[in-house]
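Trainee: Below you'll find the structure I mean.
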Amino acid sequence: MFTLKSISQIKHTYFCRDLFTETINLQNRGWNNWSNSFLKKTVIILFFIGISICNAQQNLAIINGKVTDIEGNALSHTYVYLQNTSNYVETNDKGEYELEAPMGTYDLVCSNMGYVKQSININLTRGQKFTYNFRLQPNENMLDEVQLTAKSNLKKVKETAYNVVALEAKELYNTSADLTSLLNKASGIKIRSTGGVGSRVGISLNGFTGKHVKVFMDGVPMSGFGSAFQINNIALNMADRIEIYKGVVPIELGADALGGAINIITNKKSNTYLDASYSYGSFNTHKSNVNLGYTSEKGFTANLILFQNYSDNSYKVKTNLLDLTTNTYSKDEYWFRRFHDTYHNETAIARVGVVNQTWADKLLLGVTVGQEHADIQNANLMKIVFGGKERKSKSLIPSIEYVKKDLFLEGLKLSVTANYSQVRNRNLDTLARQYNWNGDYRNKTSKGESRYSRAKFSNNNGSIISNLNYTLNDKHNFALNNTISGFKRKAFDSAANSENSSEADKIKRTNAKNVFGLSYSYRPNSKWNTSAFGKYYVVKVTGPIDVSTTSNPIYEEQSRKFSTHGYGIASTYFFNDELQTKLSFEKTYRLPTTNELFGDEILETGDMSLKAENSHNINLNLTYNKTFNQIHNIYADVGFIYRNINDYIRRQIEQRYGGAYYTNHGEVQNLGVDFETHYYYKDRFSIGGNITYQNIRNMERYSPTGQELIYYKDRMPNVPYLFGNADVNYYTNDLWKKDSHLSLGYTLQYVHEFFRHWESEGAMNSKKIIPTQLSHDLSLTYSLKNGMYNISFEAKNITNEILYDNYSLQKPGRSFAVTLRYFLNKTSN
């Protein structure tokens, strides 16, 4: 629980109890007639010494409590001590401390780097139990809390052997940003969006995007949560930090990730608070969020989160115009305003349970309820436009979480998380029309703008994630993980589905996976830490397979089973307090996702015959972090990656109707490097940036028929290979009013041009190139009463650049937003 440096912390009562019990046990074993008189005398002497110690224990007072910051966040690794004595203790992960001392008068002191030291004078009496909770204020003469690199949670992440980066969410709480805005600041990461608010997003990490990168929330896969609850529409205030695993993913996540993983760590404040915000922005965009929590002294805790997003998404785009008479597209591109892209979602999350009990460190029951409505303006090709196509969904996700430390024996921790999500979807495509970007249309003889649909179906997902972790001592740690997940899709409105269902649509679709992991970590000293692990994968997929040998498909239900194993090792070494290196290797597999297997019933078609991807990965990182004179801090990190993937699953676009489908490509290789650096001056100023280069090449030389491929060793198409960002921030305090804070920020984002298709195909003047993109954002935030009242102003893409991510699907131009936030936190000493 905590580290004690004083002999007074010895648990005398347990010593007496155990000694007495052992004496009785010896007697019961028939050892009361010992022949060794020396042993008899020794035991008798020790027994009476124990009795004396127990009596002395009664003269000691017990001091305990908790240490938090001004927002109620627990501060671990904080020293609490009695001035001018040898009695001191370090707080545990929950910020708790406890120490013992003889009766007398003392100064009780609390000290943590980056915070103002606090002390109180106490008078202890014999056997007294004294409780005091410290609430530390940030030290303005040192680095700001957001900028400190030695913070407890981030420090723990840094010391692991895995190549992981942690991003604090707090710095964007006062803005209208979502989780993707924070992720986009990290080196090696590029968020790829298909449009405005509510659009589909993919995460590109070390060159691999979409389904290659797994996303978790508190260790639970988000793939089954439904589109109403994803990283691009979740309120940022829900998150405490985001952990980015570049390469090797720890077994605790139970992942079959290939390109890395994102783990969103939510706020879990054990106190009473209210956090409410509202923002209004361009294109009639509204975002609101309410987050409130309560924790009693006896450990009862409750949390309620409500958030919503709405936008007309009525920004302008530049694309080709369809001539409805000739059914041909213009050669030139023109500007049009989006006219059918309204989006809104509403979500409520409730959790109730207990914390800090003898039988459970945490037991939480939760439920998430959400709904979503989205107009579909265009296909995966911008020029193909719709005027009446839409999708709707409703989600219900009950969950349970249980955590117990020191289960049966000290150092053994059990955590179990389970959830079941039922996401009901409806896709509507009923108009017998064909639209162009002017909003004009022509009537068609068949229903549906692309494929007629009134289909209703449900995606049911369940998962149980179990982790057992045993810390033998400071050097040895063992961990087991078992993750079971299942998926089933079924129609629930037979009348609606019968109008447009095919033979394949009537066949059930299921996907069951189990990932088992075992790891061992060895830390011989504070400089070196190594983890070795193994994983075993099992999957069973059932769905429609085309068994026809002609162009007319014939579907039948089939099942496929697959099992394999992976392994790896990760290590870190601190040359000194400022310089650290990390090296990892793994052989890993990624199993096809449900969308890749079965499609999304809207714009994507699945393929149940897809093989699992397998890869050999190597990561090497070097990090330098140094503080000078407690006011200057320099941080720099350089990382090298190698990936060699077989059966790479590639998403492709069908050119006529703009639909998407998936294929196993073959062999793909990636050699890349990313670099990040930042400079901080006190809590006043920071400047920095990062840049990523990734050389992702097709290494499949021959086609399945044996023909040599013209695009052998080409870069993989439609994947950015050179990109980066930079930021400058200025902070000042007590401007106009005491306890006020002003921050100004500037962000630059750069993406180098890249080919939309294979670079070796076609004539030079006909190649589709996504042009170089450079955008600029500005932000201003002013806070009163130490963050109780906040107002923020944002300007994004201030030069109104044309920005693309996916197949020239244009993102919003210049936009503005204002955010109001109120935060109230209640902690008591």
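Trainee: Would you calculate a helix-derived [θ] at 222 nm for the chain, using -39,500 (n - 2.57) for each DSSP H run of n ≥ 4 and dividing by the full residue count, to the nearest 500?
Mentor: Details: 6 runs with 61 residues, N = 829.
Using -39500 (n - 2.57) per qualifying helix, the result is -2000 deg cm²/dmol.
Trainee: Quick one: Karplus J couplings for the range 739-755, per residue in order, coefficients 6.51, -1.76, 1.60, θ = phi - 60°, nearest Hz, x for Gly and Pro?
Mentor: Result, rounded to whole Hz: 6, 9, 9, 10, 10, 10, x, 10, 10, 10, 10, 10, 9, 6, 4, 8, 6.
Trainee: Roughly speaking, what % of Cα-Cα pairs in the chain are separated by over 54 Å, rounded to a whole number?
Mentor: Details: 60215 of 343206 pairs.
Value for the chain: 18 percent of Cα pairs lie more than 54 Å apart.
Trainee: Would you mind calculating the relative contact order of the chain from Cα pairs under 8 angstrom and at least 6 residues apart, reporting the percent as a whole number? Working shown, then result.
Mentor: On the way: 2224 pairs, mean separation 78.2, N = 829.
It rounds to 9 percent for the chain.
Trainee: What does the charge dipole of the range 752-828 about its Cα centre add up to, to the nearest 20 debye, if the Cβ of each Lys and Arg holds +1 and the Cβ of each Asp and Glu holds -1? Write out the running numbers ahead of the final one.
Mentor: Values: 9 positive and 7 negative charges, 92 e Å.
My answer is approximately 440 debye.
Trainee: In terms of modelled amide H atoms, which long-range or inter-chain residues lie less than 5 Å from the amide H of Met103?
Mentor: The answer is Ala61.
Trainee: Continuing with this model, one more query. Output wanted: per-residue J couplings in Hz (rounded whole) for the range 607-619, from phi through Karplus 6.51 cos²θ - 1.76 cosθ + 1.60, θ = phi - 60°, x for Gly and Pro.
Mentor: These are the phi-based 3J(HN,Hα) values: 8, 6, 8, 4, 8, 6, 6, 9, 8, 10, 10, 10, 10 Hz.
Trainee: A follow-up question, please. Probe 1.4 Å, all protein chains in place: accessible area of Thr581 in Å², nearest 10?
Mentor: Rounded to the nearest 10, the figure is 30 Å².
Trainee: Can you give the angle from 0 to 90° between the axis of helix 37-57 and the longest principal axis of the chain, with both taken from C-alpha atoms, to the nearest 10?
Mentor: For 37-57 against the chain, the angle is about 70 degrees.
Trainee: How big is the accessible area of Thr594 in square angstrom, nearest 10, if you roll a 1.4 angstrom probe over the protein chains?
Mentor: The accessible area comes out at roughly 40 Å².
Trainee: Could you sort Thr549, Thr326 by their accessible area in this structure, using a 1.4 Å probe and putting the largest first? Please list the in-between numbers first.
Mentor: Working: Thr549 135, Thr326 80 Å².
Final ranking, largest accessible area leading: Thr549, Thr326.
Trainee: In degrees from 0 to 90, rounded to the nearest 10, what is the angle of the helix 12-28 Cα long axis to the longest principal axis of the chain?
Mentor: So the helix axis and the longest Cα principal axis differ by about 80 degrees.
Trainee: Continuing with the same structure: Looking at the calculated P(r) for the range 622-688, what percent of the C-alpha pair distances fall above 18 Å? Please report the intermediate quantities before stating the final value.
Mentor: On the way: 1394 of 2211 pairs.
Taking all Cα-Cα pairs of the range 622-688, the fraction more than 18 Å apart is 63 percent.
Trainee: Protein chains only, probe 1.4 Å: how do Trp335, Trp437 rank by accessible area, largest first? Intermediate results must be reported in sequence, preceding the final value.
Mentor: Values: Trp335 130, Trp437 5 Å².
The residues order as Trp335, Trp437, largest area first.
Trainee: Percent antiparallel among DSSP beta bridges with both residues in the chain, to the nearest 5?
Mentor: On the way: 335 of 347 bridges.
Antiparallel bridges: around 95 percent, rounded to the nearest 5.
Trainee: Another question about this same structure. With a cut-off of at most 10 other beta carbons within 10 Å, and DSSP calling the residue loop, which trypsin sites (Lys or Arg not before Pro) in the range 319-349 qualify? Please list them.
Mentor: Values: sites: Lys331, Arg337, Arg338; in loops: Arg338.
In loop regions of the range 319-349 (DSSP not H, G, I, E or B), there are no sparsely surrounded trypsin sites (Lys or Arg not before Pro).
Trainee: Can you check how the C-alpha radius of gyration of the range 272-399 compares to 2.2 N^0.38 Å, as a plain ratio?
Mentor: Ratio of Rg to 2.2 N^0.38 Å for the range 272-399: 1.61.
Trainee: Around Tyr329, under 9 Å between beta carbons, what's the net of Lys plus Arg minus Asp minus Glu among the other residues? Kindly include the intermediate steps, with their values, before the conclusion.
Mentor: Numbers: positive: Lys331, Lys383; negative: Asp323.
Net of charged neighbours comes to +1.
Trainee: While we're on this one: Report ³J(HN,Hα) in whole Hz for each residue of the range 778-785, in order, from the Karplus equation J = 6.51 cos²θ - 1.76 cosθ + 1.60 where θ = phi - 60°; Gly and Pro get x.
Mentor: Ordered by residue, 3J(HN,Hα) equals 10, 8, 9, 10, 10, 10, 10, 6 Hz.
Trainee: Give me the percent relative contact order of the range 290-387, please, defined on Cα pairs under 8 angstrom at least 6 residues apart. Mind showing how you got there, number by number?
Mentor: Working: 193 pairs, mean separation 26.0, N = 98.
Across the range 290-387, relative contact order equals 26 percent.
Trainee: Rank these by accessible area, largest first, 1.4 Å probe: Phe675, Phe130, Phe574.
Mentor: Numbers: Phe675 90, Phe130 50, Phe574 30 Å².
Greatest to least solvent exposure: Phe675, Phe130, Phe574.
Trainee: Further question on the same structure: Assuming R0 = 51 Å, can you tell me the calculated FRET efficiency for the pair Tyr624 and Tyr711, based on Cβ-Cβ distance, to the nearest 0.05? Intermediate values should be presented prior to the final figure.
Mentor: Working: r = 40 Å, r/R0 = 0.78.
The pair Tyr624/Tyr711 has a calculated efficiency of 0.80.
Trainee: Hey, what's the range 561-689 come to in accessible area per residue, 1.4 Å probe, Å²? All intermediate terms of the calculation are to be shown ahead of the outcome.
Mentor: Values: 5530 Å² over 129 residues.
Roughly 43 Å² per residue, with all protein chains present.
Trainee: Given just the C-alpha atoms of the range 538-639, how large is their convex hull per residue in cubic angstrom? Can you show the working numbers first?
Mentor: Details: hull volume 17.9 nm³, N = 102.
It comes to 176 Å³ per residue, whole-number rounded.
The values are calculated or read from the model by the stated rules, or taken from the named source; none is laboratory data. Note that this is a predicted model, so its numbers are computed, not measured. Note: ideal-geometry Cβ built from the backbone for every residue, glycine included; neighbour counts use all protein chains shown. The area values use the complete protein model at the heavy-atom level, side chains included, leaving out ligands, DNA and RNA. Shrake-Rupley method; radii C 1.70, N 1.55, O 1.52, S 1.80 Å.
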